[in-house]
1. Pop out the ³J(HN,Hα) list for the range 342-354 in order, Karplus 6.51 cos²θ - 1.76 cosθ + 1.60 with θ = phi - 60°, rounded to Hz; leave Gly and Pro as x.
2. What base-10 log of the normalised intensity I(q)/I(0) is obtained for the range 152-228 from the Debye formula, alpha carbons as equal point scatterers, at q = 0.19 Å⁻¹?
3. For labels at Asn637 and Ser490 in the simple 7 Å Cα→Cβ model, what's the distance in nm?
4. So how much slack lies between Asp669 and Thr188, counting 0.36 nm per residue of separation and subtracting their Cα-Cα distance, in nm?
5. Above 14 angstrom, tally the Cα pairs of the range 377-429 and express them as a % of all pairs, no decimals.
6. State the Cα centre-to-centre distance between the range 376-447 and the range 307-370 in whole Å.
7. For the range 224-377, what is the Kirkwood hydrodynamic radius in Å, using each pair of distinct C-alpha atoms?
8. Specify which residue in the list Gly236, Ile216, Ala226 is farthest towards the positive end of the charge dipole of the range 184-251, using unit charges on the beta carbon of Lys, Arg (+1) and Asp, Glu (-1), about the Cα centre.
Amino acid sequence: MRPRRAALSRAGRDSSRDGPAPGDLRARQVAMKRILKRAALALLVLVLFAPALPVGALALSDADPLLFARLGRADFEFDYVPPANSDYALYLFSADGGEVYAHGEILEDGEVIASGIGSGEICSAWLVEGRTYSVRVHGSGNAVVEMARNTLSRCYLNPLETREEESAEKMIARAFDAHWYRFEAQETGRLMLTCEPLDAQLQLSAMLFDGSGALISEFERLSGGACMLLADTVAGAEYHVRVFSPEGRQGYYALNLRRDGTGGISRALRFDAESYALSSGGAIQLSDALEGEALLWVSDDPEVAAVDRDGVVRGLRPGKANITAYGLSSQASCRVEVELVPLEGLEILSAHIELSVGDSVDVQIELTPEDASDRRLRFRVDDPEIVRATRQGVLRGLQPGETTLYVESADGALSDSVTVTVTAAVRKYRALLVGEQSYPFSENPVRNGSETSVSALRSLLESARFEDAAYAVHTHSDLSRAELIAEIRSTFADATEQDLSLLYVTCHGSYSGGMSFLELSDGSSLSARDLERELREIPGTVVVLIDCCGSGGAIGAASDGADFARGVTGAFSGAAIRGSKYKVLASAGLDQDSFRVAFNEDAQSGEMATVFVRALCDGAGWNLDQNVKGTMGADRNFDGEVTLNELHLYMTGRVNWYLGIASDLTGEDYRQSVQLYPEGDPLVIFERQE
């Protein structure tokens, strides 16, 4: 029975005809990039010069120190190499609360591409990754100079919002990354601002600015990587905080804004003893030994003793560490001595270990006492060609056979052993599903239906069951070219020759110069040939589902024989690695649009999905609209399995059945030809064990 109503419009096409025509997509994106403020990295560059000192060109890099710039009669100029393609702005802030006024320019090959005067954001321009630009500034006042990427959290004018008494946790994912925050003071009075590392070795620094962009103060850097500032705020006033790691380290941190709301925090802090003892591996609730309430806990040697936000101290190795508790008006310190506890027993908990070729398993070991100081172990096997043992006690099966694993304490005084059997490999199923939904287009910036399509396909894959395996599914949305490649490498890193790796991508697509391109959400693109080069590194069988306009160009497939006869060579069908490695199912011919539909009056609703995924779910046994298991329509011989050939034959008719409904309702003629390489492939891609 046909749905009662279908909605499909030109916004439902997957080509760049949502904005420009297919052939103009790449040129249009290049033009649009220069006017859009998007994506992800800010770099603060602070340079100190004397007023009368002549200044030459400086080559700035991520490792440059953070200093102040004193503007005077002499210009200062520096070279800047952006770390990513994006819109960058030149910012000037007051370093001492005084007036700052300057003229700034950004130059490319000696030509001024952006300029401005004043303070705050001076000028901005689209900069290309890896290219060298010159920045020239002259004016008056003591200033902080910043070249920042204009995107959320990376610049002063587009900060993250935070509030007092809330913890803002974020990750510094790239060396010399920086984050901006904005908050409004709730009260007039003393406020404690702290940045605490949540990952070991992360060193933090921060600055506080007022609502006009003037620097109020730098945070005090503390031992253990934390930093802190006590500031007097005015109720209702706006403030900005900039957080970064001067050493370029990476990891998670927490930004906290706290006041004395209970009357107890401002009391003088005092420990009930000067020192405390605990064993390596043990813990002590040090807040119970503190008079008053601390807002920040810091260890000067977190490798010996680490302390969390609640004042729990954990001994990590023998030694001494000083723990400091900070409040709004006082601080207190004590010494923690972590004592040596000898290891008395070592036992492998498994009587026998069995794993398959390509599998990994952690060896479960019991050490007594649990708080032994030296818990280091050595692992070795009789036959390393059967099993490989890592220093961390992870075993990986290499080939069928049997061997013995030995575990010893670091000093060799204690040991245990176990037999390890490796059996033949079992096929593993992995899937990476990517939906590109948001685009930098002035028209139709949201590609509705991508998220629904990915979600439905995930549910379908997770419902599939094979004899000894199921799909391990990873989903992502709005990835850049670099992020997509990184996710492919990560998801399929452990694949072996007997495994099946499935990649699904739904996005805008284009075809030019004899090649299909995947157009990604940040405006970057990935050619089918570059995609094939990346997938070439994955062992075993690789199934590629490409759901976009012109996707058939990846396998040289057009909608009719005349177009195919033009001699287009597909990236996958003409790949250097042939045979049964690649299985490619494309949603449309190289000369066709790929459509999305919704069966209600609102084509922008969450019910919109690609016709390709709707037909695929129908064929493989998933009801997309009701989100439940359905009949496996493609299972022609009713054996509980769906091969690629069965799926292709079913989807060919099902896709155009959906488009026929849309054509009847809209009066337009919609056509889409699902393509398969190799034709007639018998690979079982879905199986259901009831």
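1. x, 7, 10, x, 9, 9, 6, 6, 8, 6, 7, 10, 10
2. Debye intensities relative to I(0), on a log10 scale: -0.93.
3. 4.1 nm
4. On the way: separation 481, 0.36 × 481 = 173.16 nm, distance 6.65 nm.
Length difference between fully extended and current span is 166.5 nm.
5. Working: 717 of 1378 pairs.
Summing the P(r) of the range 377-429 above 14 Å gives 52 percent of all pairs.
6. Value for the Cα centre distance between the two parts: 24 Å.
7. Details: mean 1/r = 0.0535 Å⁻¹.
Hydrodynamic radius (Kirkwood, Cα only) of the range 224-377 equals 18.7 Å.
8. Among Gly236, Ile216, Ala226, the one farthest towards the positive end of the dipole of the range 184-251 is Ala226.
Where a number appears in this text, it was derived from the coordinates with a stated rule and is not lab data. Treat the numbers as computed from the prediction; the structure is a model and nothing was measured. Heads up, the Cβs are rebuilt from the backbone with ideal geometry, glycines too, and the neighbour counts pull from every protein chain shown.
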